[in-house]
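J.: Structure provided below as C-alpha cells; questions to follow.
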Amino acid sequence: MKVGVLQFFGWRDRSVPLEDVYDRALARIEVMDRTGYDAVWLAEHHFTGYSVCPSVHMMATHVAARTRNLRIGTAVTLAAFYHPLRIAEEVALLDVLTGGRVNWGAGRGFDPREFSVFDVPVAESTERFREAVEIVLAAWTNERLTFKGRFHRYEDVEVLPKPRQQPHPPTWVAASSPGAVEWAASRGHSILMDPHSPHHEIARKFALYREGLDEAGHEFAGRQIPMGRLVAVAETDAEAEAIARRGARWTAGAYIPKEAIASFREDKQAVDPVDHYLNDVVIHGSPERVVDTLLRLQSEMPLDYLLLSPLSEKTFGLFTDRVLPHVAG
C-alpha cells in the first residue's frame, strides 16, 4: 500500500510555544521525505488548538522548501471559505514552485464554529464548496475563464499561473457522508476518506463510491483513494492502547463534538466518543500487531492508500522504523 501522513499541528499544551509545534512537525516531515512516505497531507483548521494551520497553502510552501521527494497534499483546502479564483491561483503557484509535487484536496468542512465565524450559512456550504471545485478546475484547464454559477460569475478572465502538472494537479474531494460520496462519484472526482469513521463504514462508503463511478461511466483504474486512520504504536499493546485512549479524548474534546460522532456511524447513534474511537477507528498495538492489522484491512476494506494520522511522536518513529518497511509499496 501507499502511505501518506495526515499532518495536524495540534497545540495541546499552551505552555509550550506554538513555534515548537511547527518545528516538531517540520522535523517529522523531513523524516518522511527520506524514508519512503508518498506524501504529507496538511490539515486546515480554524479557531481551535486541534490543528493550528489556518493556511495549508502557506504551510505547503514552507514544506516544499524543506523537502525534495515528498508530494505535498492539502487535506483539505476548506473551499467554501475562500474565493475560488484565489484558490486556483495559490495552488497553481504552489505547483510551479514545488516542481509539480502538489496533491490538491478540497473539502466543505463541518465545524459549526468555522461556518459561523466566516459567515457562511451551513445551508449554502455544500453548494458553495461544489461550485468552488468546479471553478478551480475550469480555471486551470481553460486559457480564459467564463463561468456563471449561483455564487460566482466571471467573464473572460485569465487566471495565472497555470499549474505545472497538466491538465492540473491530482485532485481529491473529502467525502464523509454517503451524499458526498455519491456526488463525487457522479462527477468522476477521486475522494479522501475521513479518519473518524469505523473501518466497516469506510469500506461501505468505498463500495458505494465504486458503484457510483460505474453508474456514471467513470473508470476506477489508476485512482488512489487515501483513507484516513488514526494510529497508535508502542512497544506493547497496553502502552499503545493508552496512547490511543489519550488521542481519542483529545480528538473528541478539542474538535469533534459528541453529537458529531453519530454522523460518522452507519447506525447514527451518539455513543461515547472514546468508545467510538477505541473500538473500531484507531489502529493501535505493537509494531507487529499494527502490521497484521493493516495487512488485514488492506484486503478487507480494501486499504490501498493509508492516510496515517499518528497519535504520538513515538507512534510516528515506531511506524517509520518497524511498520512502514512491511506495508509500503
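The values are calculated or read from the model by the stated rules, or taken from the named source; none is laboratory data. Predicted model, so just to flag it, every value in this text is computed and none were measured. Here the Cβ is made from the backbone with ideal geometry for all residues, glycine too, and neighbour counts use every protein chain on show. The protein model used for the area step is the full one, side chains on, heavy atoms only, and it has no ligands, DNA or RNA in it. Shrake-Rupley method; radii C 1.70, N 1.55, O 1.52, S 1.80 Å.
J.: Using the alpha-carbon atoms, what tilt in degrees (0 to 90, nearest 10) does helix 122-141 show relative to the longest principal axis of the chain?
T.: Approximately 70 degrees, to the nearest 10.
J.: Multiply the residue separation of GLU241 and ARG68 by 0.36 nm, subtract the distance between their alpha-carbon atoms, and state the gained length in nm to one decimal. Mind dumping the intermediate values first?
T.: Numbers: separation 173, 0.36 × 173 = 62.28 nm, distance 3.49 nm.
Stretched fully, the GLU241-ARG68 segment lengthens by 58.8 nm.
J.: Expressed as a rounded percentage, what relative contact order does the stretch 5-151 have, with Cα pairs under 8 Å and six or more residues apart?
T.: Numbers: 210 pairs, mean separation 30.1, N = 147.
Answer for the stretch 5-151 is 20 percent.
J.: Quick one: pull the percent of accessible area on the stretch 229-297 belonging to carbon and sulfur, 1.4 Å probe, ligands and nucleic acids left out.
T.: Details: 1400 of 3000 Å².
Summing carbon and sulfur atoms, their accessible area is 47 percent of the total for the stretch 229-297.
J.: Just the number, please: carbon plus sulfur as a percent of the accessible area of the stretch 80-226, 1.4 Å probe, no ligands or DNA/RNA counted.
T.: Numbers: 3260 of 6720 Å².
Here it works out to 48 percent.
J.: Still on this model: Could you provide, to the nearest whole Å², the per residue accessible area of the chain with probe 1.4 Å? Write out the running numbers ahead of the final one.
T.: Working: 14100 Å² over 329 residues.
With all protein chains present, the chain gives 43 Å² per residue.
J.: Still on this structure: Quick one: if the Förster radius is 25 Å, what FRET efficiency do GLU259 and ASP321 give, using the C-beta to C-beta distance and rounding to 0.05? If you can, show how the numbers build up before the last one.
T.: Details: r = 39 Å, r/R0 = 1.56.
The formula returns an efficiency of 0.05 here.
J.: What FRET efficiency comes out for the pair PHE47/TYR22, r = Cβ-Cβ distance, R0 = 25 Å, nearest 0.05? Walk me through the numbers on the way to the answer.
T.: Values: r = 18 Å, r/R0 = 0.72.
So the FRET efficiency works out to roughly 0.90.
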